[in-house]
Ligand code: 9WN
């Protein structure tokens, strides 16, 4: 059974691999290269086509800006099946943007560092992989340097994101109260996503108005981070985003150690790492909720909701064992009923939870992959195994979809998964889970 599932996953990835040397997340819906998708995809590719895995990362890093920034979408081709495209984002407004590729002017969770380490773990030819890493790692380091120099105005070791798309968890209920503080114009535009996916599973038109308005503000200031930090109505310290950075910092420390002769970079990374882990634990843990939460820097308040992002610090070794245990209890208590697959993207006991709608409840395989590995590292073997077998069960039930209903019984027949079909990271990470 597993072999068959792996073969199907490989077919999905191969069909989504493009001549330009990158993998689209899903045909029709997402026709370009996305930053954190590329990382997860490279992990899956590394298991059966190491050259494609290397190419995936090389292509992404080729789109890096002169200031170290790596954009969230790289528009490799003209394709009008996606909105908003290159003409809306206008990355050329930033003086340091890539001259080779048009892109967005926002980023996504910094997974590339730990992805290089995963590729090293998976590769059979370690010497060859270390050569590849040696060629790529400074670019990832520069990306981290960009974050510490531009995204941490209060010097807390915690980076801000200025757009919900930077979080990767686009329409999470976590952002709802921020939308309440804004009043964007009613944009006129043609939605493309809802021509590919049932509108009931996607963000609303009004939510898109907010998303576009945030980009317009950033564009008005030519994507200048300092101006964005002063002016953007959306300015958030996200536990998922920062956990990915911390995990990747550690990966860079380890990999530079293997390469040798990189003491200066290692010293700087260790300094960043200490500041970030301390800042994270001091600021983002909510004792009452028993979970890490987001912090709204613009309105100076914690955003007190539990989502799958709340547990992602397990993947980066951020909580001590005692806090890790509290996190697991919270997860099982709120998300882990026998009637549900782990792990819903948003607290099923909260009134904002919606089991069908995108990041407002459904299970995502990339989040489960992070949680599985984090739980395993902390010795929560049984829960880790449950997250893994639930992920496999959902893919077996619905196929390689983008997201999944966590309810074991939805009362519906002819079930299919939600969002885009033949979704690349669901396939890639399934391969890694089963290998
Ligand atoms: C905007 C590509 C991306 C993922 C995100 C997911 C979704 C895009 C969209 O698809 O976001 O970036 O148009 O909805 O939320 O995590 O990287 O798969």
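The values are calculated or read from the model by the stated rules, or taken from the named source; none is laboratory data. Values in this document were obtained by computation on a predicted structure and should not be read as measured data. In this analysis, Cβ positions are derived from the backbone assuming ideal geometry, glycine residues included, and neighbour counts consider all displayed protein chains.
General remarks:
- Checklist (1) farther than 21 Å from residue 34 by Cα; (2) at pLDDT 95 or above; (3) part of a loop (DSSP other than H, G, I, E, B) applied to residue 411, failing item: (2)
- Total residues in segment 308-362, condition more than 16 Å from the ligand (Cβ to nearest atom), closer than 14 Å to residue 174 by Cα and crowded, with 24+ Cβ neighbours inside 10 Å: 1
- When each of 108, 117 is tested for being within 18 Å of residue 241 (Cβ to Cβ) and either more than 16 Å from the ligand (Cβ to nearest atom) or surrounded by 19 or more Cβ atoms within 10 Å (Cβ to Cβ) (or both), the lone residue that passes is 108.
- Taken over segment 183-197, the criterion of being more than 14 Å from the ligand (Cβ to nearest atom) and either surrounded by 14 or more Cβ atoms within 10 Å (Cβ to Cβ) or closer than 22 Å to residue 417 by Cβ (or both) is satisfied by 184, 187.
- Residues that are part of a loop (DSSP other than H, G, I, E, B) and either under 18 Å from residue 432 (Cα atoms) or under 20 Å from the mean Cα position of the chain (by Cα) (or both) within segment 356-386 comprise 356, 357, 361, 362, 364, listed in sequence order.
- Listing of helices (runs of 4 or more DSSP H) fully contained in segment 205-301 that carry 3 or more residues being within 21 Å of residue 39 (Cβ to Cβ) and touching a residue at least 24 places away in the same chain (Cβ under 8 Å): 239-259, 263-283
- Test for residue 430: is it within 15 Å of the ligand (Cβ to nearest atom) and part of a helix (DSSP H, G or I): no
- Residue check: residue 156 meets all listed conditions (1) under 23 Å from the mean Cα position of the chain (by Cα); (2) closer than 19 Å to residue 305 by Cβ; (3) surrounded by fewer than 21 Cβ atoms within 10 Å (Cβ to Cβ) but one, namely (2).
- Complete set of residues in segment 387-408 that are touching a residue at least 40 places away in the same chain (Cβ under 8 Å) and assigned to a loop (DSSP other than H, G, I, E, B): 400, 402, 405, 406, 408
- Test result for residue 323, touching a strand residue (DSSP E or B) at 6+ places or on another chain (Cβ under 8 Å) and part of a loop (DSSP other than H, G, I, E, B): no
- So residue 6, is it outside any strand (DSSP E or B) and away from the ligand (no atom under 13 Å from the Cβ): yes
- Whether a residue is over 19 Å from residue 32 (Cβ atoms) and buried (at least 19 other Cβ atoms within 10 Å of the Cβ) was assessed, and residue 172 passes this test.
- Candidates 81, 91, 98: the one that is surrounded by fewer than 20 Cβ atoms within 10 Å (Cβ to Cβ) and within 16 Å of the ligand (Cβ to nearest atom) is 81.
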